[in-house]
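**Student:** This structure is in structure tokens; I'll ask about it shortly.
No lab work stands behind these numbers, since they all come straight from the coordinates. The model shown is predicted, which means the values in this text are computed figures rather than measured ones. Cβ sites come from the backbone with ideal geometry, for glycine too, and all protein chains shown count toward neighbours.
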Amino acid sequence: MMRYLLRRLAHALLLIFGVSLLAFLFTTLAPGNYFDEMRLNPQIAPETLVALRAQYQLDRPLPLRYASWLNSVLHGQMGFSFAYNSPVAPLLLVRAKNTLLLTITATFLAWFIALPLGIWSAERLGRFPDRLISSATSVLLVIPDLALALGLLVLAVRTGWFPTGGMASVDFAALSPLHKIRDLAFHMTLPVAALVLSALPLLVRHVRAAVAEVLHAPFLLAADGQGIPRGTLLLRYVLPAAANPLLSLFGFSIGALLSGSLLIEVVMSWPGLGPFLLEAILARDIYIVIGGVLCSTIFLAAGNFLADILLYWIDPRIRTESAPR
Amino acid sequence: MIRRRNVRLWLLILAILHGIILCAGFSAPYDPIQQDRKNPYLPPMRPHFVDVGRRLHLRPFVYAVQLRPGTFDQYVEDTTQPRPLKFFLPGDRYRLFGLFQSRFHLFGADSDRVYLLGTDAFGRDQLSRIIFGGQISLLAGFLGSCLTLLIGWCVGAVSGYFGGWRDDVLMRLAELFLALPWLYLLFALRAFLPLTVNPLHAFFLIVAVLAGVGWARPARLVRGIVLSAKERDFVRAARGFGASNFYLLRRHILPEASSVLLTQAAILIPQYVLAEMTLSFLGLGVPEPVPSWGNLLSNLQQYSVLVSYWWMYLPALAMVPFFLGYLGLASALQERSDPYMIERRSLGSLA
């Protein structure tokens with residue numbers, strides 16, 4: 001158990017390290033930096049700019065900059081933001097928390113809906129419920145995320161049922177804890193709905209395919225012959241047997257939802273990584289961009305790691321494979 | 001047989017859809033950047049066949065719209081001014097495919113302009129902008145995925161055929177690209193390229209960024225195919241006859257990957273079109289006044305536009321038929337490359 005998990009963990013860490021290295025390599029290719037716009041300002045002397053660049057170490061060669069950045073990561077700073085004049089990590093943490101809140105809720109909700117729908121659809125393969133669900137997922141699949149998000153926003157604006165932006169009401173600080181949660185849930189409804197709807201069709205289709213494949217296995221016929229109730233059969237026998245492809249899909253779905261949330265956060269002005277990153281790109285605030293990208297890698301790696309653990313727990317083949325001989 | 005016809009059917013649908021976009025100069029009634037400053041945010045004019053006197057006309061017509069007196073954003077149809085729609089009408093000059101000069105349009109009206117999908121803030125025809133915008137978005141998606149597949153093909157071939165340290169390096173690199181959620185990767189690549197560029201450069205920039213985002217997955221697929229193909233008997237035989245590495249790859253091994261690449265293309269193109277829309281929507285893509293589906297939608301980021309002018313939302317729906325076509329094509333291709341999928345399932349139910 002430990003060996004398998006340690007190997008996966010080491011793999012994930014190496015991946016994160018590699019991404020940071022790659023991101024740094026790209027920054028050398030980037031034309032211009034944060035202080036370029038100041039060059040146009042006649043009130044700022046060229047010497048000041050040189051001094052500023054030196055102060056933020058932009059004039060040093062890449063390996064040295066990378067080393068000092070690694071050092072600041074170890075000190076919990078992750079570089080320095082030019083625009084905010086502050087270390088990146090605390091800035092990033094606030095936004096990353098909001099993004100995680102959105103993404104995790106959406107992931108759970110999407111799977112919570114997709115699993116029963118997929119199983120039901122596979123159980124009635126080719127019959128009316130299956131056809132209904134299949135056509136519904138097809139319709140959802142051809143509507144682009146952007147159109148979906150904008151459509152929900154138009155709906156919210158027209159009807160006034162849901163707030164159209166932000167994650168808290170104006171009087172949030174004055175609310176009681178219970179009302180705070182309600183207010184937050186209220187604000188989350190729209191972005192989460194957009195995320196779930198955009199992720200749902202793919203999940204339902206894969207669950208359906210995975211379950212349908214298992215449903216015809218001989219061991220199920222035997223179990224059915226034993227008189228095991230249908231519900232128990234589906235939950236205790238079919239689902240674990242179909243789990244392997246679904247768990248790798250779980251990691252994939254986290255990546256897809258993270259991507260989706262980036263766009264949907266901007267559209268619905270949710271104060272997460274999306275708007276933050278966009279702003280940093282437009283301002284050429286490179287350390288924030290690197291930090292944000294790294295954050296997403298860490299989330300995705302964590303999701304995949306979680307999927308690995310679950311896989312280990314559910315699929316006995318992996319356990320015997322990695323057992324010490 | 002049925003399956004093959006299925007692929008053809010989807011290809012036909014896609015060809016028609018792309019034909020409309022490709023001949024944008026002809027199918028769009030007006031120039032996409034020509035402004036009509038007197039008519040900002042004009043609502044869509046509805047084509048009619050029956051007039052107010054309940055008389056049936058064979059030629060469709062629209063009514064001119066006018067401001068309702070006393071308001072500044074309410075429009076009513078002016079039933080005294082019917083504008084019959086004429087087909088194959090001379091109008092603005094344009095160049096078809098950038099080659100042939102022409103001034104004939106699919107439809108239009110004689111003297112006054114008709115706006116079937118309304119106008120934007122500068123009185124530009126929304127329908128023309130959607131059609132011309134498709135050229136940018138679809139071409140970016142198409143070129144981007146061609147480039148992606150080319151890179152994936154080369155990387156996969158080198159990695160699978162030569163193996164050794166090249167395989168290690170290339171596949172570790174591919175893993176790094178797969179370790180990022182793709183929109184973050186898109187953002188990251190875009191972040192390290194120049195921000196303010198002219199539309200043409202921006203277009204090629206986007207194509208390059210798109211190609212950089214997606215190459216890893218096809219590369220891994222091609223690698224797998226090359227790995228199994230290079231051990232096949234006919235490849236060994238050809239090698240025994242003294243065929244060079246390059247000849248073997250070109251003649252015997254890479255053609256094996258073509259059906260997978262075709263399926264990948266059908267999956268990648270709509271994804272890339274969506275990526276272009278996302279970038280342009282966020283202001284990181286093709287800038288105004290050149291229309292693209294993404295920057296047409298970016299107007300919706302203004303609250304007033306979102307609330308008051310629903311026809312500004314229409315570009316978002318322009319993508320839907322294309323998505324449908326590509327989705328159908330992809331699944332038809334997948335079915336063709338794995339014809340046993342259905343039989344396996346029916347066999348399974350027997351067991």
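**Student:** Skipping prolines and chain starts, which residues have an amide H placed within reach, meaning under 5 Å, of the one on B:VAL65, given they are 5 or more residues away or on another chain?
**Tutor:** So B:VAL65 has HN proximity to B:ASP78.
**Student:** Moving to a separate point now. Just grab the label-to-label distance for A:ALA185 and A:LEU306, each label 7 Å out from Cα along the Cβ direction, in nm (one decimal).
**Tutor:** According to this spin-label approximation, the distance is 2.0 nm.
**Student:** How many angstrom lie between the Cα centre of the range A:132-203 and the Cα centre of the range A:227-272?
**Tutor:** 18
**Student:** How would you classify the range B:11-52 from its alpha-carbon gyration tensor, with a ≥ b ≥ c the square roots of the eigenvalues: rounded for a/c under 1.5, else prolate if a/b is greater than b/c, otherwise oblate?
**Tutor:** Taking the square roots of the gyration eigenvalues as a ≥ b ≥ c, the range B:11-52 is oblate.
**Student:** Helix B:164-178 against the longest principal axis of chain B: what's the angle in degrees, Cα atoms only, rounded to the nearest 10?
**Tutor:** That helix lies at roughly 30 degrees to the long axis.
**Student:** Apply the Karplus parameterisation 6.51 cos²θ - 1.76 cosθ + 1.60, with θ equal to phi minus 60°, to every residue of the range B:87-98 and state each ³J(HN,Hα) to the nearest whole Hz, in sequence, with x for glycine and proline.
**Tutor:** 10, 6, 9, x, x, 4, 6, 8, 10, 7, 6, x
**Student:** What chymotrypsin sites (Phe, Trp or Tyr not before Pro) in the range A:149-201 are in a loop by DSSP, with at most 11 other Cβ atoms within 10 Å of the Cβ?
**Tutor:** Of the chymotrypsin sites (Phe, Trp or Tyr not before Pro), the ones in loops of the range A:149-201 whose Cβ has at most 11 other Cβ atoms within 10 Å are A:TRP161.
**Student:** Turning to a different aspect of this structure: Between B:PHE122 and B:THR80, what FRET efficiency comes out of the Förster formula 1/(1 + (r/R0)^6) with R0 = 22 Å and r the beta carbon distance, rounded to 0.05?
**Tutor:** So the FRET efficiency works out to roughly 0.20.
**Student:** Determine the calculated [θ] at 222 nm for chain A from helices alone, applying -39500 (n - 2.57) to every DSSP H run no shorter than 4 residues and normalising by the residue count; nearest 500 deg cm²/dmol.
**Tutor:** It comes out at -25000 deg cm²/dmol, rounded to the nearest 500.
**Student:** From the Cα trace of chain B, what convex hull volume per residue do you get, rounded to a whole Å³?
**Tutor:** Cα convex hull per residue, to the nearest whole number: 221 Å³.
**Student:** Please list, by residue number, every one of the chymotrypsin sites (Phe, Trp or Tyr not before Pro) in the range B:45-109 that is coil in DSSP and has at most 12 other beta-carbon atoms within 10 Å.
**Tutor:** Filter output for the range B:45-109: B:PHE72, B:PHE97.
**Student:** Considering every residue in A:16-23, what mean count of other chain Cβ atoms within 10 Å of its Cβ is obtained?
**Tutor:** The per-residue average across the peptide is 4.
**Student:** Additional query: Please compute the average number of Cβ atoms from other chains found within 10 Å of each residue's Cβ in peptide B:314-324.
**Tutor:** Shielding by partners across B:314-324 averages 4.
**Student:** Taking only Cα atoms, what is the 0 to 90° angle, nearest 10, from helix A:273-283's long axis to the longest principal axis of chain A?
**Tutor:** Result, in degrees: 30.
**Student:** Run the numbers for B:ARG95 and B:ARG239: contour at 0.36 nm per residue of separation, minus the present Cα-Cα distance, in nm.
**Tutor:** 46.7 nm
**Student:** Further, regarding this structure: Would you grab the residues whose amide H sits under 5 Å from the one on B:ALA109? Only those 5+ places off in sequence or on another chain, please, with H modelled 1.01 Å from N.
**Tutor:** Residues meeting the criterion, in which the H sits 1.01 Å from N, are B:LYS86, B:VAL114.
**Student:** Further question on the same structure: Given 37 °C and 0.692 mPa s, how large is the Stokes-Einstein diffusion coefficient of the range A:239-325 in µm²/s, with Rh as the Kirkwood radius over Cα pairs?
**Tutor:** D = 220 µm²/s.
**Student:** Label points 7 Å out from Cα along the Cβ direction at A:VAL157 and B:PHE87: separation in nm?
**Tutor:** Taking the simple label geometry, A:VAL157 and B:PHE87 are separated by 3.7 nm.
**Student:** Let me ask another. How many times 2.2 N^0.38 Å is the alpha carbon radius of gyration of the range B:43-101?
**Tutor:** 1.55
**Student:** Take B:MET45, B:MET171 and order them by how many other Cβ atoms sit within 10 Å, fewest up front.
**Tutor:** Ranking B:MET45, B:MET171 by Cβ neighbours within 10 Å, fewest first, gives B:MET171, B:MET45.
**Student:** Which whole number in µm²/s is D for the range A:62-105 by Stokes-Einstein, with the Kirkwood Rh taken over Cα pairs at 20 °C and 1.002 mPa s?
**Tutor:** After rounding, the answer is 186 µm²/s.
**Student:** Here is a further query. Please find, in a Gaussian network model of chain B (springs between Cα atoms separated by less than 10 Å), the residue of B:GLN271, B:GLN74, B:GLN334 whose mean-square fluctuation is greatest.
**Tutor:** Fluctuation is largest for B:GLN74.
**Student:** What number, in percent, do you get for the relative contact order of the range A:261-310 if the mean sequence gap of Cα pairs under 8 Å and at least 6 apart is divided by its residue count?
**Tutor:** About 20 percent, as a whole number.
**Student:** Which order do B:LEU42, B:LEU106, A:LEU25, B:LEU170 fall in if you start with the one that has the fewest other Cβ atoms within 10 Å?
**Tutor:** If I rank by nearby Cβ atoms, fewest first, I get A:LEU25, B:LEU106, B:LEU170, B:LEU42.
**Student:** Set the Förster radius R0 to 45 Å, insert the Cβ-Cβ distance between A:ALA51 and B:HIS18 as r into 1/(1 + (r/R0)^6), and round the FRET efficiency to 0.05.
**Tutor:** After rounding, the FRET efficiency stands at 0.25.
**Student:** Moving on. Lys/Arg Cβ at +1, Asp/Glu Cβ at -1, dipole of the range B:1-148 taken about the Cα centre: which of B:GLN101, B:LEU9, B:PRO43 is farthest positive-ward?
**Tutor:** Farthest towards the positive pole: B:LEU9.
**Student:** Oh, and also: When only alpha-carbon atoms are used, what values of Rg and Dmax, in angstrom, describe the protein assembly as shown?
**Tutor:** When restricted to Cα atoms, the protein assembly as shown yields Rg and Dmax of 27.9, 91 Å.
**Student:** Enter the per residue convex hull volume of chain A, computed from alpha-carbon coordinates, in Å³ rounded to the nearest integer.
**Tutor:** Hull volume over Cα atoms, normalised by residue count, gives 203 Å³.
**Student:** Once each part is reduced to its C-alpha centroid, what is the distance from the range B:252-322 to the range B:43-91 in angstrom?
**Tutor:** 32
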